[in-house]
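Peer 1: Quick one: the structure is below, questions incoming.
The values are calculated or read from the model by the stated rules, or taken from the named source; none is laboratory data. Bear in mind the structure is a predicted one, so any value in this text is a computation, not a measurement. Cβ: placed from backbone, ideal geometry, glycine included. Neighbour counts: every protein chain shown. What goes into the accessible areas is simple: the full protein's heavy atoms, side chains included, and nothing from ligands, DNA or RNA. Shrake-Rupley method; radii C 1.70, N 1.55, O 1.52, S 1.80 Å.
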Amino acid sequence: MTGPFVIGCDVGSQGTNAALYDADGDLVASAYQGYDVSYPRPGWAEQDPQEWIRALHATIGRLVAQTPGGPSAVRALSFGSQLDGMVVCDANGRPRRPAMIWMDRRAEAQAAGLAARMPGAEFYGHVGANLDSSHAVFKAMWVRDEEPDVFAGAAHLLPPGSYVLLEASGVLAVDHSNASSLGLLDPRTRTWSTPVLDAAGIDRGLLPELAPATQAVGPVTERFAAATGLSPRTVVVAGCGDEMAATLGAGVFAPGEVCDVVGTAEPVCAASAEPREDPSMLVECHPHADPDAWLLENPGFVSGGNLRWWRDQLCPLEREAEARGEGDAYDLMTGPAAEVPPGADGLLFLPCMQGAMAPEWNGAARGVFFGLTLAHTRAHMTRALLEGSAFALRDILEAMRGAGLDVRRLTIVGGGAKGALWRQIKADVTGLPVRVPLDVETTAAGAAILAAVGSGVHPGIAEAVDAFVAYRPEEHVPDPERSEAYTAAYRRYRELYFALKPVFERP
């Protein structure tokens, strides 16, 4: 292998994965370092932003040591960073407090206060996002309201992606996708929304400069070069949010293509050639990593997390078998479920273990098995759990169609892409063909694509995707008979959810 090489960094909430690619898109090496999330109180979730930087130093350093041709052969690096976080920094870029990350829900009062001044539909119309405390603007408002001494010393309000960009390059900037996760960007114009800034009481001067995800912002700083072993001439490219990077790394940038990211949660993202509004507000509209595209996106219902809960709490025999080297526990769990007919003989599961993100956003909703009889087995319950996530996926796809998008195909990535039964269930439930990339961990690949485009290794997104992304030869196609059975089951799933909604909302 010869250079130039690029590095893509997936800066997640559980750890950082950095990957080294050559110009042909071949993976040369990867490195991972984990870190912890702190939960100081119920509903709070924090991280030390320097943990991200230490992980970047360590993982990139390991990659540089394995680079053919040495540090000078690495042309550029970029990032796919966790969305919806807030880092409050002083004038020198130092954090004033721990970062509040995407799962932090403490700012409910701030969201309710803004809703009293600007209805949710109006907020959505301005910024393409739901008026929900998960978005980072409300976390900044919480710091202002609850920690005024901290906020008084704030000079910069940064999403995690901007913080790592600042540390790597010394440049204060934010790409359009990370800016959109703040809940402050108009996705149509890709500029800050004055009406929402005014309603939130946030000074525009606290926000970083906007930049395309493919923009080269400058070389690495001397300090970052010394900590990683990179050449001081290595180019830093702005990067994007992790969902956008995962979608790009899956090759999803053409209109109508849908990326289903199946991890603990299941974000669903569809590429669009123009910004769109969903009348139901089930899906949000954000700029894509590709500067010429947008994403219709649902930030994700708990999906793989449900399956892991099922494994950990109710499948001890499978876990013991895995420990003895007798197979993967998930495969041992789902194997018998493949013998259960579509619809699980009338058994339904609502995948709302941490609230619902489909068929609507509802934090009060809870997981439910419905229709149990003495004839049902654990295999039925496993299949119902898999089908429940597929029904929620269909909810999201229907909302995308309601926004005027012609959805054509699913590309499934993440750990949940490994299960053939689940992939076929999704094809049958949605009526769409399903494909899987050769590499299902696509966030670092998407960041590397941006690094390659921003540094001139490839002339554009389409050319870089063509080089970096390949797919398994087999596609899952919908089976007409099973799809018909699922149409009836999906209708019953929706009836069940809305029948239980008053129960969910009782104190």
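Peer 1: Round to a whole angstrom and tell me the spacing of the C-alpha centers of segment 54-123 and segment 281-306.
Peer 2: Segment 54-123 and segment 281-306 have Cα centres spaced 17 Å from each other.
Peer 1: Straight-line reach only, C-alpha to C-alpha below 19 angstrom: list the lysines that Lys418 could link to, leaving out same-chain residues fewer than 8 apart.
Peer 2: List returned: Lys426.
Peer 1: I'd like the FRET efficiency for Ala375 and Arg41, computed as 1/(1 + (r/R0)^6) with the beta carbon distance as r and R0 of 41 Å, rounded to 0.05.
Peer 2: Efficiency, rounded to the nearest 0.05: 0.40.
Peer 1: Counting only Cα atoms, I'd like the Rg/Rh figure for segment 353-507, Kirkwood definition for Rh.
Peer 2: When Rh is taken as the Kirkwood radius, the ratio is 1.05.
Peer 1: Setting aside same-chain residues fewer than 8 positions from Lys139, which lysines have a Cα under 26 Å from its Cα?
Peer 2: none
Peer 1: Pop out the ³J(HN,Hα) list for segment 303-313 in order, Karplus 6.51 cos²θ - 1.76 cosθ + 1.60 with θ = phi - 60°, rounded to Hz; leave Gly and Pro as x.
Peer 2: Values per residue, Gly and Pro as x: 9, x, x, 5, 5, 5, 4, 4, 5, 6, 8 Hz.
Peer 1: Describe numerically, in nm with one decimal, the distance between label points set 7 Å from Cα along Cα→Cβ at Glu474 and at Leu206.
Peer 2: 5.3 nm
Peer 1: A follow-up question, please. Run the numbers on segment 244-286 and let me know its relative contact order in percent, using alpha-carbon pairs under 8 Å that are six or more apart.
Peer 2: Once normalised by length, the contact order is 29 percent.
Peer 1: Report the percentage of all Cα-Cα pairs in segment 137-176 whose separation exceeds 13 Å, rounded to a whole percent.
Peer 2: I get 57 percent for the Cα pairs in segment 137-176 exceeding 13 Å.
Peer 1: Tell me, what is the FRET efficiency for Arg319 and Thr194 to the nearest 0.05, using R0 = 41 angstrom and their Cβ-Cβ distance as r?
Peer 2: Approximately 0.15, to the nearest 0.05.
Peer 1: A follow-up question, please. Distance in nm between label sites at Ala485 and Asp466, each 7 Å beyond Cα in the beta-carbon direction?
Peer 2: About 4.3 nm separates the two model spin labels.
Peer 1: Multiply the residue gap between Arg223 and Ala254 by 0.36 nm, knock off their C-alpha separation, and tell me the result in nm, one decimal place.
Peer 2: Details: separation 31, 0.36 × 31 = 11.16 nm, distance 3.87 nm.
Computed gain between Arg223 and Ala254 is 7.3 nm.
Peer 1: May I ask for the Rg/Rh ratio of the chain, computed from Cα atoms with Rh as the Kirkwood radius, given to two decimals?
Peer 2: 0.96
Peer 1: So what are the three principal axis dimensions of segment 316-384 from its Cα atoms, in whole Å, longest to shortest?
Peer 2: Largest first, segment 316-384 extends 41, 26, 18 Å along its Cα principal axes.
Peer 1: Quick check for you: which residues of segment 17-36 have the amide N under 15 Å from the point 7 Å beyond the Cα of Thr2 toward its beta carbon?
Peer 2: It comes to 22-24, nothing else.
Peer 1: Probe of 1.4 angstrom, ligands and nucleic acids ignored: what's the accessible area per residue over segment 195-321, in square angstrom?
Peer 2: 34 Å²
Peer 1: Based on the Cα gyration tensor of segment 251-408, what are the three equivalent ellipsoid semi-axes, each the root of five times an eigenvalue, rounded to whole Å and given largest first?
Peer 2: With the √(5λ) rule applied to segment 251-408, the semi-axes are 32, 18, 13 Å.
Peer 1: Here's another thing I want to ask about it. Would you compute the Debye intensity of segment 1-138 from its alpha-carbon atoms alone, equal scatterers and no solvent, and pass along log10 I(q)/I(0) at q = 0.16 Å⁻¹ to two decimals?
Peer 2: Once normalised to I(0) and log-transformed, intensities are -0.88.
Peer 1: How many Å² of accessible area per residue for segment 334-459, probe 1.4 Å?
Peer 2: Solvent-accessible surface per residue comes out at 32 Å².
Peer 1: Would you kindly state how much longer the chain becomes between Ala116 and Lys501 on full extension, computed as 0.36 nm times their sequence separation minus their alpha carbon distance, in nm to one decimal?
Peer 2: So the chain would gain 136.2 nm between Ala116 and Lys501.
Peer 1: Using the C-alpha gyration tensor of segment 424-507, what are the square roots of 5 times its eigenvalues, in whole angstrom, with the largest one first? Intermediate values should be presented prior to the final figure.
Peer 2: On the way: eigenvalues 308, 87, 16 Å².
Square roots of five times the eigenvalues give 39, 21, 9 Å.
Peer 1: Mind jotting down the distance between the C-alpha centroids of segment 337-387 and segment 396-428, whole Å?
Peer 2: The distance from the Cα centre of segment 396-428 to that of segment 337-387 comes to 18 Å.
Peer 1: What is the calculated FRET efficiency for Asp406 to Asp90, with r their C-beta to C-beta distance and R₀ = 56 Å, to the nearest 0.05?
Peer 2: With a Förster radius of 56 Å, E is 0.70.
Peer 1: Share of antiparallel DSSP beta bridges in the chain, in percent to the nearest 5?
Peer 2: 70 percent
Peer 1: For the chain, what is the calculated [θ] at 222 nm in deg cm²/dmol (nearest 500), taking -39500 (n - 2.57) for each run of four or more DSSP H residues and dividing by its residue count? Don't skip to the answer; put the middle values down first.
Peer 2: Working: 18 runs with 198 residues, N = 507.
Computed ellipticity for the chain at 222 nm equals -12000 deg cm²/dmol.
Peer 1: Here is a follow-up. Counting only heavy atoms of the protein chains, get the accessible area per residue of segment 34-99 (1.4 Å probe) and round it to a whole Å² value.
Peer 2: Details: 2620 Å² over 66 residues.
Roughly 40 Å² per residue, with all protein chains present.
Peer 1: Say each of Ala152 and Asp312 gets a label point 7 Å from the Cα, pointing the same way as Cα to Cβ; how far apart are those two points in nm?
Peer 2: The two pseudo-label positions are separated by 4.2 nm.
Peer 1: Roughly how many percent of the accessible protein surface of segment 296-384 is carbon and sulfur, given a 1.4 Å probe and a whole-percent answer? Provide the component values of the computation, followed by the final result.
Peer 2: On the way: 2220 of 4050 Å².
Here carbon and sulfur together make up 55 percent of the probe-accessible area.
Peer 1: Per the Kirkwood definition applied to all pairs of different Cα atoms, how many angstroms is the hydrodynamic radius of segment 192-343?
Peer 2: 19.6 Å
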